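Below: the structure, in structure tokens.
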Amino acid sequence: MAKSHSTTGAMIAFSTLFALSGCTSMGTITEQQLSDAQLMQDVLVQDAILRQVSQECMRVQPTTMPLAYETQAYWWQKNGDWVILADQSINKLVLDSVERVQAPEETTLGLSVTLQVSLLAQQQRDQLITEQTSAETCTSLLNGYRNGDHDLAQNSLLSEHLPRLKALAQEYYPPSFSDASELLQSHDRSQFIAERLAQKTLCEQVRVTALVRQWPREVYNADCGAGRQYLLSCQWGECRITL
């Protein structure tokens with residue numbers, strides 16, 4: 001993973017995503033917040049790539065299924081704590097509750113990170129795995145993760161920044177049942193990803209409505225009019241059309 005923690009690069013990337021999500025201004029987002037967002041993104045992208053590569057290898061080469069499950073478990077033993085901290089840090093930006101009210105631009109920044117993670121992981125997966133990918137190629141890719149080649153702490157451009165995640169995730173708590181009514185009014189982590197998928201594969205003038213908001217699992221209804229209704233199921237920011 002190439003990474004420089006460039007604030008300018010982060011500004012460009014997140015400004016583009018803000019535009020996609022309907023926010024036309026960076027508001028009061030600071031350079032530190034952009035740098036932190038870049039850190040969260042870089043950590044979660046590595047986790048997302050492994051998830052998606054594993055799923056695709058199991059699909060195109062079912063014989064790699066045992067290795068794929070073993071690789072995910074082994075990688076998570078060494079890297080899972082950092083991934084959890086990055087995920088909790090984004091949740092602090094995205095989830096609004098009665099006790100924790102945040103500025104809209106901060107919430108949009110968190111949603112932008114989630115969308116960017118999904119897009120980057122999908123792009124990387126498509127570059128690595130195709131319908132013609134051999135079992136040997138899948139085995140080599142998975143062994144790279146299992147052997148530590150993609151461990152976060154071994155990434156020279158990322159490892160020194162990982163401790164920052166502890167501060168970003170400090171005092172995180174998941175929404176409780178008492179927060180439910182407020183949570184129903186909050187943004188969804190996968191909403192923009194689901195809308196993008198629906199517009200690309202179903203219809204351009206689609207109306208997407210949340211049915212289940214229980215991150216990492218979120219379910220949406222896609223209404224294309226004329227009685228055409230579809231379900232979109234999202235897991236860890238990766239969305240699929242459910243027929």
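The values are calculated or read from the model by the stated rules, or taken from the named source; none is laboratory data. A quick note: this is a predicted structure, and the numbers were derived from the prediction, not measured. Cβ placement follows ideal geometry from the backbone for every residue including glycine, while neighbour counts extend to all protein chains displayed.
Points to keep in mind about this one:
- The conditions of being at pLDDT 90 or above and either farther than 30 Å from Thr71 by Cβ or assigned by TED's automatic domain parsing to the domain that holds Cys234 (or both) are not met by Gln154.
- Taking the criterion of being over 29 Å from Ser89 (Cα atoms) and either touching a strand residue (DSSP E or B) at 6+ places or on another chain (Cβ under 7 Å) or assigned by TED's automatic domain parsing to the domain that holds Val117 (or both), the residues of segment 188-206 that qualify are Thr201, Leu202, Val206.
- Top-ranked residue of segment 203-221 - restricted to ones that are farther than 10 Å from Cys234 by Cβ and modelled with pLDDT under 85, ranked as surrounded by the most Cβ atoms within 10 Å (Cβ to Cβ): Arg213
- The criterion of at least 1 residues that are at pLDDT 80 or above is met, among helices (runs of 4 or more DSSP H) falling completely within segment 1-107, by 31-60, 65-94.
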